[in-house]
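Presented below is the structure to which this report refers.
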There are 2 protein chains.
Amino acid sequence: MAGFSRFLAVLRLFTDSASAWSVPDMADALGVPASTAYRTVRDLVAAGFLEAAQDGAYRLGPAFIEYDRLLRMTDPLVHAGAGALRDVVMQAQTPCVALLSRLYNDQVMCVADEAARETVFRSSYERGRPMPLVQGATSKIILAHLPARQLNRLIGAPKSAPVNDALRRELAEIRRRGYCATASEIDPGLAGIAAPVIVREAGIFASLSLVADDSRLDESQRRRLVLLVVSAASLVSEELRHRHIPPPLHTSIRSVK
Amino acid sequence: MAGFSRFLAVLRLFTDSASAWSVPDMADALGVPASTAYRTVRDLVAAGFLEAAQDGAYRLGPAFIEYDRLLRMTDPLVHAGAGALRDVVMQAQTPCVALLSRLYNDQVMCVADEAARETVFRSSYERGRPMPLVQGATSKIILAHLPARQLNRLIGAPKSAPVNDALRRELAEIRRRGYCATASEIDPGLAGIAAPVIVREAGIFASLSLVADDSRLDESQRRRLVLLVVSAASLVSEELRHRHIPPPLHTSIRSVK
DNA sequence: GTCAATATTCTCATTTTATGGGAATGAGAT
DNA sequence: ATCTCATTCCCATAAAATGAGAATATTGAC
């Protein structure tokens, strides 16, 4: 291991349950000499990706907040979706959480969320938290719209993984239907309603979804929310498609100031 | 330039106004050969810090969202302050934005913000955006509570920078008063009210502040909000002080699972 | 205050890796 | 087909990271 990966390795030590590390402990955990660990940490601190807590402990640094804002302001999906999420929770007229989620390596991650005012429950899906690929409406609707090649890479080709044939049939059915509604697949008692946000030409495979208390939903409510989610997802997709300007030919591209 | 700094240099290219870059343009801007730029970008993409947009353009990657969540969940200041901000905007009973801000290199950066329901204006202070050090209540109240050595480093020692003597007197007065109220220093028409969140033993130099429409504030309003901000800041400080557990002696520290 | 135990930084010879020039390949456009 | 530019590949070289251990700084114990 060397170079860049040393920095990544240090950052990966930081998790929900281990949020502060001393340098000797990092060196231990990574199996590198102390001098190397001190140097790596010093560089990360200088860059703002780590920061000294107290008593020789280090925690994640404020540079992540800065880059996160930059991403929120400039990422097409996040930027286009955030407004839609606000509209959705307003129009839902019930305690709920609206999510915008996308593929992230071999998981699904929410990139924007918005809770209605009076929402008391919390969804496991929350901005920045990687979630399983094959559970929950939010994830399934994305899987259902993936190109065959990419899906095979994630769940195995039909021949090599016939165990997934049932899943494949389920995904085909979801794609046909155009939305996905589940209940208690991730959080007991919570229902998920998700619609696809797919813009192939921009490489966007995402979903817009709503999480609400399942016991509060009667059939007409559910139908109304499905409609709300599906149309919001279409709006976001359209906006993204519209933004996707084919670049001028034979010219390097760069964002205009 | 080499090693880690090459990665930093690439990331620093991404700004509000230049949010998508092609690799040749990056190579140009950094003055490095194309082959080097391609390799650097490939590594950053693999780590999730960049991601391919369309047509050879790259944008910031979802890893920043993931680390930002981790920080929100685990950073003592953000975690303790977020709840307080919600309380503040609720109790303010007027359109406003509450901010939690801190030193970040030689600037001040908001690390958590919360807007009241009906707030229409936007403050220039927003989560993740570095702001000037010596303007606005949010920043000044932090400066006013910095140890002398650190203040000198930021604005120059009294002898070498006598031009700042007026500022020094202003800061001393602010410290004496315990809060700072300004108007139109950053955004025309907006007023800022800030109180310190200082926990020296934990290395925390921050502020809790409220931004509201200046023309809507009469004297009694203003007094009420000052009280609100000051007491909220005290609560946050107390919570942080309480959390600061002196580590066990002669033992390496590590967050408990 | 001294002492002892760690934490942290420093040094430097060595190994490892990144570097970048250029060739090779690919993808469009004409 | 041919031109242009994007992208990858190759490899000798230069450069930088590495790590063992020494040197120094901190810190608590006493």
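Its relative contact order, with pairs defined as Cα atoms under 8 Å and 6+ residues apart, puts chain B at 14 percent. Relative contact order of the stretch A:189-242, taken over Cα pairs closer than 8 Å and 6 or more residues apart, is 43 percent. Distance between the C-alpha centres of the stretch A:193-236 and the stretch B:74-149: 34 Å, rounded to the whole angstrom.
Run the numbers for residue A:153 and residue A:222: contour at 0.36 nm per residue of separation, minus the present Cα-Cα distance, in nm.
On the way: separation 69, 0.36 × 69 = 24.84 nm, distance 3.36 nm.
Extra length from residue A:153 to residue A:222 when fully extended: 21.5 nm.
Mind checking the per residue accessible area of the protein assembly as shown for me, 1.4 Å probe, whole number of Å²?
Numbers: 24260 Å² over 514 residues.
Accessible area per residue: 47 Å².
Chain B residue nearest the axis that carries B onto A, by Cβ, with distance in whole Å, is B:68, 2. Inter-chain neighbour count for B:3-11: the average number of beta-carbon atoms from partner chains within 10 Å of each residue's beta-carbon is 4. Near residue B:190, the amide H atoms lying under 5 Å from its own belong to B:184, B:214; only residues 5 or more places off or on other chains count, and H is placed 1.01 Å from N. Only helices enter this figure: runs of n ≥ 4 DSSP H residues, each worth -39500 (n - 2.57), summed and divided by the residues of chain B, yield -14000 deg cm²/dmol at 222 nm to the nearest 500. Shape call for the stretch A:21-74 from the C-alpha gyration tensor, a ≥ b ≥ c root eigenvalues: rounded (a/c under 1.5), prolate (a/b greater than b/c) or oblate? Judged from the Cα gyration tensor, the stretch A:21-74 comes out prolate (a/c at least 1.5, a/b above b/c). For the Cα atoms of chain A, what angle does the longest principal axis make with the long axis of helix A:4-13, in degrees from 0 to 90, nearest 10? Here the helix axis deviates by roughly 70 degrees. Partner aspartates and glutamates whose Cα lies under 18 Å from the Cα of residue B:159, excluding those fewer than 8 positions away in the same chain, are identified as B:170.
Just checking the output field for A:186-199: average partner chain Cβ neighbours within 10 Å of each residue's Cβ?
For peptide A:186-199, the averaged partner shielding equals 0.
Please go through the stretch B:106-183 and write out the GluC sites (Glu not before Pro) that DSSP classes as loop and that have at most 16 other C-beta atoms within 10 Å. Passing sites in the stretch B:106-183 are B:118.
A label point on residue A:33, set 7 Å along the Cα-to-Cβ line, lies at 3.1 nm from each of its counterparts in the other copies, closest listed first.
Note on chain A: with a GNM built from Cα contacts shorter than 10 Å, the maximum mean-square fluctuation among A:221, A:93, A:54 falls on A:54.
Put simply, the amide H of residue A:146, placed in the peptide plane, has no neighbours under 5 Å, leaving out anything fewer than 5 places away on its chain. The simple spin-label model puts a point 7 Å past each Cα toward its Cβ; for residue B:184 and residue A:214 those points are separated by 5.8 nm.
State, as an integer percentage, the relative contact order of the stretch A:21-74 based on alpha-carbon contacts under 8 Å between residues 6 or more apart.
Details: 48 pairs, mean separation 15.4, N = 54.
Computed over the stretch A:21-74, the figure is 29 percent.
For the chain pair A and B, the interface hides roughly 5900 square angstrom of accessible area in total, found with a 1.4 Å probe. Phi angles of the stretch B:125-140 translate, via the Karplus equation with coefficients 6.51, -1.76, 1.60 and θ = phi - 60°, into HN-Hα couplings of 5, 8, 3, x, 9, x, 10, x, 7, 10, 10, x, 4, 3, 7, 4 Hz per residue; Gly and Pro are given as x.
Taken along the Cα-to-beta-carbon direction at a fixed 7 Å, the label points for residue B:118 and residue B:234 span 3.0 nm.
When a/c reaches 1.5 or more, the comparison of a/b and b/c decides; with that in mind, is the stretch A:140-248 rounded, prolate or oblate per its Cα gyration tensor? The shape class here is oblate.
What is the mean number of Cβ atoms from other protein chains located within 10 Å of the Cβ atom of each residue in peptide B:18-27, rounded to a whole number?
Working: counts 5, 8, 7, 4, 5, 1, 3, 4, 1, 0.
What the average comes to for B:18-27 is 4.
Largest GNM mean-square fluctuation across B:123, B:35, B:160, computed for chain B with C-alpha springs under 10 Å, falls on B:35.
Which parts of the stretch A:47-61 would a label at residue B:29 reach, counting a residue when its backbone N lies under 17 Å from a point 7 Å out along Cα-to-Cβ? No residue qualifies, since no backbone N sits under 17 Å from the label point.
The values are calculated or read from the model by the stated rules, or taken from the named source; none is laboratory data. This is a predicted model, so every value here is computed, not measured. Methodologically, a virtual Cβ is constructed for each residue, glycine included, from the backbone with ideal geometry; neighbour enumeration extends over all protein chains shown. The accessibility values were calculated without ligands, DNA or RNA, using every heavy atom of the protein model including side chains. Shrake-Rupley method; radii C 1.70, N 1.55, O 1.52, S 1.80 Å.
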